[in-house]
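Beneath this line is the structure, given in structure tokens, with notes to follow.
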Amino acid sequence: MSTDTPTRGKPKSRAVRHRGALLVFLAPFGVLFTLFYIVPILYAIYQSTLVVERDGTFGAARQVFGGLTQYIAVFQNDAFWQSIGRVMLFGIVQVPIMLGLALLLALLLDSPLVRGTKFFRLAFFAPYAVPGVIAAIMWGFLYSPNLSPFTDVTRAIPFLSGELVLWSIANVVTWVYVGYNMLIIYSALLAIPQEIYEAARLDGAGQARIAWSIKIPLVVPALVLTGIFSIIGTLQLLAEPQVFRSFTSTVTSDFTPNLLIYSTASVPNVSLAAAMSVVLALTTFILSFTVLKLTQRRTQA
Amino acid sequence: MSAQTAPARTKGRSSVQESIASRVLAMAVMAIATLYFLTPIWWLFVASTKTRGQFTTTAPLWFADFNLFENIQALFDYRNAVFLRWLLNSALYAGLGAALATLFAAMTGYAIAKYTFWGRNALFNVILGGVLVPATALALPLFLLFSQIGATNTYWAVFLPSLVSPFGVYLSRIYAAASVPDEIIEAARIDGAGEVKTFFTVSTRMLAPALVTIFLFQFVAIWNNFFLPLIMLRDEALFPVTLGLYVWNTQVSQIPDIRALVIIGSLLSIIPLIITFLGLQRFWQSGLANGGLK
């Protein structure tokens, strides 16, 4: 993602000349972005610095400034870090599998080996149109030992048990997002000029060799983009595990960070939940930023 | 646009003939993947056509009596058509919300791409940071803010936050820089058209693929949004369809009859999205191509 535009060689006086137009263009988004992105974030930070204080056991509760008290509580909260650990484990396994599958399918679609690419492209993308809640409900039925169309399998493998439920959820997420990621990678592949392959073909390189040595290196930027969005998505897991709570008691109310934030806010311990939100947002930001920087360095080297 | 109109690809007629074995292997992978992606949707469709009794007693992946329309009728009859209300709510949140979000994002992205003004890069970087802040991370802060002004449990609490699409700004800026020539804006200027008028009459046409892409992805994001309505709304009449189905699904153990409604409701809730995507694919695929590249 480059941030500097090539400034077209036009005089700077434009800014003065078109001030009215710029206001029309920028104001609606600017106001909404400020109100519903920046202000909530600042407000959450403010709320996270408050603690509840009572005069004696039965006194009225009031909120007073408590500095970093809530943050200390977050760092001492085992459930919070366990849920972070759980989604990290989930991400380390699920994101590479999902992106690997998406890359494989995109490469096959782009190769001369496959006919009917239009059909496959749409078939693989269709699950993206299924909301996470609905996908989770559907797979909940498919995993069920009694209601599944594949009861022979679901009676032998306890998909909803404590050990497996995390990976059953991983499958739901993979099912929804492989096609979406595949399309982004496939679009990048389509943009590669055909001439690049000619030399390789003349040298007698097969499709696998062309894919490995030419295509994959050229779609690394698309992989980075999809990777970052996947990491963000993983840390924010909520809908799928929340739905699975109706199917199995093994998904607890602190299963993922967002579930824990939701249940903490409903206690209600709003300040602690706000502090958790801030820590989670920072963790997400740092992680995706790190991935971006690491991969940029590697591709430049 | 440009990526899609690239020279026709010489599929299968390359100078090196691929071996039959690798063709068969490739098609086998595609077939297995198709089964994986489509079987759950197929099952949902088949299950939606069955009577309650046939749901567990007949072959799960093939039709019994075709009862789809009776089931839809039963779903709409249930509790004064509350499901229809949820569908309309979702259509309003997602349809109107995505349309306005697209307009606002496109104007901002276009302004950043085509005009020089003080703080332009800083503004773009802040918005780019917004792309990295996921919607779910904002749900609780938004709830805290809305409860300060007593506006939780209203249409506005779900509708207003979904009008912001930082990704839309990012995409339309890239697209505008690449596909709206300065000469055309200049020509419109010489003809005496104002900047805003030029944007709406001339530039939006060139931005169309990007606009459709932004609209679709924002539409899906709002339609699928779960945390924000979950945390904001108490009144069932305001629910989007995903939240409504979620609540029904939590009640299946107490009211077993509701299971059939959850299944048919799930099917109905994904059909509008699938149709929209199929109908507009020519646009969003080229929009995606340009957005994913840079």
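Here is a yes/no grid of residues against (1) over 30 Å from residue A:70 (Cα atoms); (2) in contact with a helix residue (DSSP H, G or I) (Cβ under 7 Å, 6 or more places away or on another chain); (3) within 11 Å of chain B (Cβ to nearest Cβ):
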{"position": "A:210", "(1), (2), (3)": "yes, yes, yes"}
{"position": "A:220", "(1), (2), (3)": "yes, yes, no"}
{"position": "A:242", "(1), (2), (3)": "no, yes, yes"}
{"position": "A:246", "(1), (2), (3)": "yes, yes, yes"}
{"position": "A:256", "(1), (2), (3)": "no, yes, yes"}
{"position": "A:288", "(1), (2), (3)": "no, yes, yes"}
{"position": "A:292", "(1), (2), (3)": "yes, yes, yes"}
{"position": "A:297", "(1), (2), (3)": "yes, no, no"}
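Just need a number here: residues in the range A:222-231 that are closer than 30 Å to residue A:78 by Cα and either away from chain B (no Cβ under 11 Å) or open to solvent by less than 10 Å² (accessible area, probe 1.4 Å) (or both).
Qualifying residue count, the range A:222-231: 3.
Can you confirm whether residue B:91 is within 21 Å of residue A:133 (Cα to Cα) and touching a residue at least 12 places away in the same chain (Cβ under 8 Å)?
It is true that residue B:91 is within 21 Å of residue A:133 (Cα to Cα) and touching a residue at least 12 places away in the same chain (Cβ under 8 Å).
Within the range B:255-277, identify whether any single residue is modelled with pLDDT under 90, of a type outside the set (A, V, I, L, M, F, W, C) and open to solvent by less than 50 Å² (accessible area, probe 1.4 Å), and answer yes or no.
yes
So, residue B:49, is that one hydroxyl-bearing (Ser, Thr, Tyr) and away from chain A (no Cβ under 13 Å) or not?
yes
Pick from the range B:110-134 the residues that are within 7 Å of chain A (Cβ to nearest Cβ) and assigned to a loop (DSSP other than H, G, I, E, B): which of them is surrounded by the fewest Cβ atoms within 10 Å (Cβ to Cβ)?
That would be B:118.
Here are the criteria: (1) assigned to a loop (DSSP other than H, G, I, E, B); (2) without any contact (Cβ under 8 Å) to a residue 60 or more places away in the chain; (3) more than 7 Å from chain B (Cβ to nearest Cβ). Tell me which single one residue A:162 does not satisfy.
The single condition residue A:162 does not satisfy is (2).
Within the range A:71-111, work out how many residues are β-branched (Val, Ile, Thr) and either within 14 Å of chain B (Cβ to nearest Cβ) or buried (at least 20 other Cβ atoms within 10 Å of the Cβ) (or both).
The total comes to 5.
Residues that are open to solvent by less than 10 Å² (accessible area, probe 1.4 Å) and over 18 Å from residue A:92 (Cβ atoms): find the helices (runs of 4 or more DSSP H) completely inside the range A:233-300 holding 3 or more of those.
A:257-265, A:270-300
Just one of the numbered conditions (1) more than 8 Å from chain B (Cβ to nearest Cβ); (2) open to solvent by 20 Å² or more (accessible area, probe 1.4 Å) is not true of residue A:191; which one?
In the conditions (1) more than 8 Å from chain B (Cβ to nearest Cβ); (2) open to solvent by 20 Å² or more (accessible area, probe 1.4 Å), residue A:191 misses (1) alone.
If residue B:35 satisfies every condition in (1) within 11 Å of chain A (Cβ to nearest Cβ); (2) at pLDDT below 90 but one, which is the exception?
(2)
Can you find a residue that is out of contact with any Asp or Glu (no Cβ under 8 Å at 6 or more places or on another chain), assigned to a helix (DSSP H, G or I) and away from chain B (no Cβ under 14 Å) anywhere in the range A:117-134?
No.
Within the range B:207-216, is there a residue that is in a helix (DSSP H, G or I), open to solvent by 30 Å² or more (accessible area, probe 1.4 Å) and within 13 Å of chain A (Cβ to nearest Cβ)?
Within the range B:207-216 (the criterion being in a helix (DSSP H, G or I), open to solvent by 30 Å² or more (accessible area, probe 1.4 Å) and within 13 Å of chain A (Cβ to nearest Cβ)), the answer is no, since none of the residues qualifies.
Output the number of the condition that residue B:71 fails; it satisfies all remaining conditions of (1) of a type outside the set (A, V, I, L, M); (2) in a helix (DSSP H, G or I); (3) within 26 Å of the chain's Cα centre (by Cα); (4) surrounded by 15 or more Cβ atoms within 10 Å (Cβ to Cβ).
The single condition residue B:71 does not satisfy is (3).
Any residue at all in the range A:195-203 that is touching a residue at least 24 places away in the same chain (Cβ under 8 Å) and either at the interface with chain B (Cβ under 7 Å from one of its Cβ atoms) or touching an Asp or Glu at 6+ places or on another chain (Cβ under 9 Å) (or both)?
Looking through the range A:195-203, none of the residues is touching a residue at least 24 places away in the same chain (Cβ under 8 Å) and either at the interface with chain B (Cβ under 7 Å from one of its Cβ atoms) or touching an Asp or Glu at 6+ places or on another chain (Cβ under 9 Å) (or both).
The values are calculated or read from the model by the stated rules, or taken from the named source; none is laboratory data. On a predicted model such as this, the values are computed, not experimentally measured, just so you know. So basically every Cβ, Gly included, is an ideal-geometry build from the backbone, and we count neighbours across all protein chains shown. The area values use the complete protein model at the heavy-atom level, side chains included, leaving out ligands, DNA and RNA. Shrake-Rupley method; radii C 1.70, N 1.55, O 1.52, S 1.80 Å.
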